[in-house]
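Q: Here it is, the structure, as structure tokens.
The values are calculated or read from the model by the stated rules, or taken from the named source; none is laboratory data. As the structure is a computational prediction, the values presented were derived from the model and not from experiment. Every residue, glycine as well, gets a Cβ built from its backbone with ideal geometry; the counts of neighbours run over all protein chains shown.
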Amino acid sequence: MTSDNTPVVPDGVNELDVIGVREGAFNVSGSGDTSGFGGLVSPIVMPGPSERPYGGWFDEVADEIELSLQARNLPVSSVIEKVVIDRGEITFFVRREHIVDFAKVLRDEPGLRFEMCMGVNGVHYPEDAGRELHACYPFLSITHNRRIRVEVTAPDADPHIPSIVGVYPSNDWHERETWDFFGIVFDGHPGLTRIEMPDDWAGHPQRKDYPLGGIPVEYKGATIPAPDNRRAYN
Amino acid sequence: MSDVTYTSVETPGEDIYAGSYETTEGTIYNLAGGDWDTIAAAPEGEKERIVVNMGPQHPSTHGVLRMILELDGETVTDARCGIGYLHTGIEKNMEFRTWVQGVTFVTRMDYLTPFFNEAAYVLAVEKLLGITEQIPERANVIRVMMMELNRVSSHLVALATGGMELGALTAMTFGFRERELVLDLFEMVTGLRMNSAFFRPGGVAQDLPADGEKAIRDTLPLLRKRMKDTADLLIDNAIWMGRTVDVGYLDLQGCMALGITGPVLRSAGLPHDLRKSQPYCGYETYEFDVPTQTSCDAYGRFLIRIAEMHESLKIVEQCLDRLAPGPVMVEDKKIAWPAQLAIGADGQGNSTEHIKHIMSESMEALIHHFKLVTEGFTVPPGQAYAAVESPRGELGAHVVSAGGTRPYRVHFRDPSFNNLQATAAMSEGAMVADVIAAVASIDPVMGGVDR
């Protein structure tokens with residue numbers, strides 16, 4: 001990152017939604033970009049939190065969740081960090097210490113009845129300081145025919161998220177996969193071992209700091225570098 | 001492992017993997033086949049356990065699936081699956097290619113259902129782009145038609161390999177023979193029998209060839225007739241029923257707890273089908289039934305697959321009837337691939353009209369073509385989840401964009417991966433032979449499981 005250039009966060013944008021910075025027009029480092037846009041710095045902003053009313057059945061689900069949390073003596077603001085509605089999907093950002101209670105509410109409340117958790121998968125945002133690792137849980141309610149997403153974050157320095165296998169047994173392999181690929185430790189999982197990579201593998205391949213690998217390929221005198229070392233557009 | 005002392009019982013020339021060693025739980029004997037007599041003299045312990053590694057290279061484990069079975073005689077007391085032998089890092093690779101190139105990767109995941117993989121991915125990308133409503137009608141009809149033909153070919157392989165694993169070899173030859181009819185249609189429409197990379201964000205790569213409609217229509221009667229032959233071979237077949245009825249039992253509660261979808265869930269009586277409950281690509285406008293069974297067993301799943309193939313052919317017929325001329329790609333030239341290619345005289349994909357336009361008429365068109373093909377289009381930041389009803393259950397694509405020309409993260413919720421978790425529930429307490437029937441009834445495809 002060029003030190004004399006600091007990204008300008010536009011007015012009204014929540015600091016939490018900035019997940020990184022894009023530099024230049026072509027993501028080229030070292031050489032090549034003579035376009036004059038090489039010094040361009042712009043923040044990458046994910047869709048921000050939504051305000052009530054959410055519209056449609058989103059409000060019903062949010063009301064039901066809030067009532068159920070209060071009935072369990074859990075202050076809503078300490079459980080739900082923010083609610084994001086984007087592209088017709090609702091995402092609840094839940095603080096990690098409450099994810100198991102939250103999952104129980106989703107499963108057990110008749111007004112919610114999310115019978116199925118469609119697994120969990122990680123996303124690594126290395127520049128999202130203190131919230132580098134995100135775990136996304138898609139939930140499906142067959143009874144009410146609804147889908148929601150729950151997102152939980154953890155810092156790289158303390159990559160722990162409580163396991164919800166006790167609530168949704170189907171998440172067993174999915175949590176193992178997310179451990180395998182991202183290094184998120186799901187506390188309380190009955191047997192958190194690698195599932196796709198060999199047992200003695202070092203590192204977690206889906207993290208952004210883990211290289212793709214590959215070797216340069218030579219053909220008729222020209223050498224093509226591996227995909228992660230090629231000049232690329234961002 | 002430091003307290004383990006190896007005492008090899010081998011003699012030179014014998015299998016080096018055989019032998020025995022002491023652990024805190026007693027002596028462990030490794031057997032590699034043909035050497036049972038080497039432990040015949042071993043003292044019988046109080047807790048004698050036999051652990052059998054089945055697979056990953058085994059003709060009846062439905063692919064490179066490794067099963068670790070603990071046996072008491074011929075009864076399975078513990079069953080665990082080992083997977084990962086076909087992990088190819090598709091999700092990681094996609095982060096280094098453009099949004100359109102991603103299709104080429106996802107089509108190779110579950111190699112029996114390429115069109116469903118592509119559909120889940122492109123639907124998620126279209127949701128991120130906000131162009132779901134702009135997909136032309138003809139593109140949606142072609143997508144539905146290809147997906148339903150694909151459901152037939154996938155179910156035929158499920159019957160074929162399932163039959164072969166239980167010793168019904170004619171079912172295998174019949175199933176693969178019929179599947180070839182469908183694959184011929186795929187080759188005619190997309191150029192490839194498998195791994196077509198035919199669906200693209202915004203539509204499909206190509207319009208149907210001139211004789212495409214007729215060829216598909218002409219194949220359907222033969223397909224129907226032959227599918228009936230295969231079904232007749234197994235329905236009411238005493239041996240087949242003996243192997244599958246009440247085998248691989250998993251009731252509705254079990255399915256719910258384990259997140260099972262697809263034919264396994266429907267064999268427990270719940271008519272859950274995303275094509276009905278959360279339609280995509282216009283499925284709400286087609287008439288078809290969702291077959292269910294209440295037997296919760298492998299035979300019920302077999303019957304469901306047979307019935308679903310007939311429902312799929314019904315949908316294909318409706319697609320053929322409503323195919324009206326029109327574009328197969330969105331109008332937005334910032335997303336749509338610039339040319340409709342056709343096979344030229346040199347055997348390469350070319351469009352002489354388009355080449356003429358960019359090479360001698362419009363320099364801007366050439367620039368546009370070059371930028372779109374090399375750089376690709378950008379997708380606004382955000383995330384989306386799109387799910388389709390694949391032949392095996394809910395196939396979901398979770399796609400994250402950071403606003404660039406490449407996906408930031410793509411994850412697939414593959415139904416085979418999830419459903420394989422039911423192996424233990426279905427097969428513990430049963431015979432070894434029933435494990436094969438149970439796994440065959442889940443019909444996992446390891447390419448999809450491991451990605």
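Q: In the stretch B:289-310, what count of residues is obtained for those that are part of a helix (DSSP H, G or I) and within 19 Å of B:Leu166 (Cα to Cα)?
A: Going through the stretch B:289-310 one residue at a time, the tally reaches 9.
Q: I've got another one for you. Any idea how many residues of the stretch B:92-129 are touching a helix residue (DSSP H, G or I) at 6+ places or on another chain (Cβ under 8 Å), among the charged types (D, E, K, R) and in a helix (DSSP H, G or I)?
A: 2
Q: Hey, another quick one. Could you give me the residue pairs with C-beta distances under 7 Å whose first residue belongs to the stretch B:154-170 and is more than 16 Å from B:Ala298 (Cβ to Cβ), whose second residue is of a type in the set (Asp, Glu) wherever it lies, and which are 6+ apart or on separate chains?
A: B:Leu156/B:Glu178
Q: Mind checking which residues of the stretch A:164-184 are more than 21 Å from B:Ala257 (Cα to Cα) and either at the interface with another protein chain (Cβ under 9 Å from one of its Cβ atoms) or aromatic (Phe, Trp, Tyr) (or both)?
A: A:Trp179, A:Asp180, A:Phe181, A:Phe182
Q: For the stretch A:130-157, enumerate the residues that are surrounded by fewer than 20 Cβ atoms within 10 Å (Cβ to Cβ) and assigned to a loop (DSSP other than H, G, I, E, B).
A: Answer for the stretch A:130-157, where residues must be surrounded by fewer than 20 Cβ atoms within 10 Å (Cβ to Cβ) and assigned to a loop (DSSP other than H, G, I, E, B): A:Gly130, A:Arg131, A:Ile142, A:Thr143, A:His144, A:Asn145, A:Pro155, A:Asp156, A:Ala157.
Q: Counting only residues that are within 13 Å of chain A (Cβ to nearest Cβ) and among the aromatic types (Phe, Trp, Tyr), which one in the stretch B:56-115 is nearest to A:Ala226 (Cα to Cα)?
A: Filtering the stretch B:56-115 for residues that are within 13 Å of chain A (Cβ to nearest Cβ) and among the aromatic types (Phe, Trp, Tyr), the one nearest to A:Ala226 (Cα to Cα) comes out as B:Phe96.
Q: Give the residue, chosen from B:Gly202, B:Gly254, that is surrounded by 14 or more Cβ atoms within 10 Å (Cβ to Cβ) and either over 25 Å from the mean Cα position of the chain (by Cα) or more than 14 Å from chain A (Cβ to nearest Cβ) (or both). I'd like the intermediate steps shown before the answer.
A: Numbers: B:Gly254 fails: either over 25 Å from the mean Cα position of the chain (by Cα) or more than 14 Å from chain A (Cβ to nearest Cβ) (or both).
After ruling out the rest, the residue left standing is B:Gly202.
Q: Out of A:Glu127, A:Glu51, A:Glu81, report the one residue that is within 14 Å of chain B (Cβ to nearest Cβ) and either in a loop (DSSP other than H, G, I, E, B) or under 30 Å from A:Val21 (Cα atoms) (or both). Please lay out each step first, then the result.
A: Working: A:Glu51 fails: within 14 Å of chain B (Cβ to nearest Cβ); A:Glu81 fails: within 14 Å of chain B (Cβ to nearest Cβ).
Residue meeting the stated conditions: A:Glu127.
Q: Please tell me if A:His204 is buried (at least 17 other Cβ atoms within 10 Å of the Cβ) and either within 13 Å of another protein chain (Cβ to nearest Cβ) or at pLDDT below 90 (or both).
A: In short, yes.
Q: Can I ask one more? What's the total number of residues in the stretch B:261-277 that are outside any helix (DSSP H, G or I), more than 9 Å from chain A (Cβ to nearest Cβ) and in contact with an Asp or Glu (Cβ under 8 Å, 6 or more places away or on another chain)?
A: Quick first cut of the stretch B:261-277, residues outside any helix (DSSP H, G or I) only: B:261-262, B:267-273.
Among the residues that remain, those that are also more than 9 Å from chain A (Cβ to nearest Cβ) are: B:262, B:267-269, B:271, B:273.
Now drop any that are not in contact with an Asp or Glu (Cβ under 8 Å, 6 or more places away or on another chain), which leaves B:262, B:267-268, B:273.
Of the residues in the stretch B:261-277, 4 are outside any helix (DSSP H, G or I), more than 9 Å from chain A (Cβ to nearest Cβ) and in contact with an Asp or Glu (Cβ under 8 Å, 6 or more places away or on another chain).
Q: Hey, another quick one. Sort out which residues of the stretch B:363-401 are modelled with pLDDT of 90 or more, within 7 Å of chain A (Cβ to nearest Cβ) and either out of contact with any Lys or Arg (no Cβ under 9 Å at 6 or more places or on another chain) or on the phi < 0 side of the Ramachandran plot (or both), and write them in order of number.
A: B:Pro381, B:Ala384, B:Tyr385, B:Glu394, B:Gly396, B:His398, B:Val400
Q: From the residues in the stretch A:186-201 that are at the interface with chain B (Cβ under 9 Å from one of its Cβ atoms) and either over 18 Å from B:Ile83 (Cα atoms) or among the aliphatic types (A, V, I, L, M) (or both), which one is surrounded by the most Cβ atoms within 10 Å (Cβ to Cβ)?
A: It comes out as A:Ile195.
Q: Considering the stretch A:158-208 alone, what residues qualify as being of a type outside the set (Ser, Thr, Tyr) and in a helix (DSSP H, G or I)?
A: A:Asn171, A:Asp172, A:Trp173, A:His174, A:Glu175, A:Arg176, A:Glu177, A:Trp179, A:Asp180, A:Phe181, A:Phe182 - these are the residues of the stretch A:158-208 that are of a type outside the set (Ser, Thr, Tyr) and in a helix (DSSP H, G or I).
Q: Can you list residue pairs whose Cβ atoms sit under 6 Å apart, with the first residue in the stretch A:131-153 being more than 9 Å from chain B (Cβ to nearest Cβ) and the second being of a type in the set (Gly, Ala, Ser)? Count only pairs 6 or more apart in sequence or on different chains.
A: A:Leu133/A:Ala154; A:Ala135/A:Gly122; A:Val152/A:Ala135
Q: Cβ-Cβ under 7 Å, sequence separation 6+ or interchain: first residue in the stretch A:209-234 and at pLDDT 85 or above, partner among the basic types (Lys, Arg). Which pairs?
A: Listed pairs, sorted by first residue: A:Leu212/B:Lys92.
Q: Identify the residue in the stretch B:131-153 that is surrounded by fewer than 24 Cβ atoms within 10 Å (Cβ to Cβ) and free of Cβ contacts under 8 Å to residues at least 60 places away in the same chain and, among all such residues, is farthest from B:Leu183 (Cα to Cα).
A: My answer is B:Glu133.
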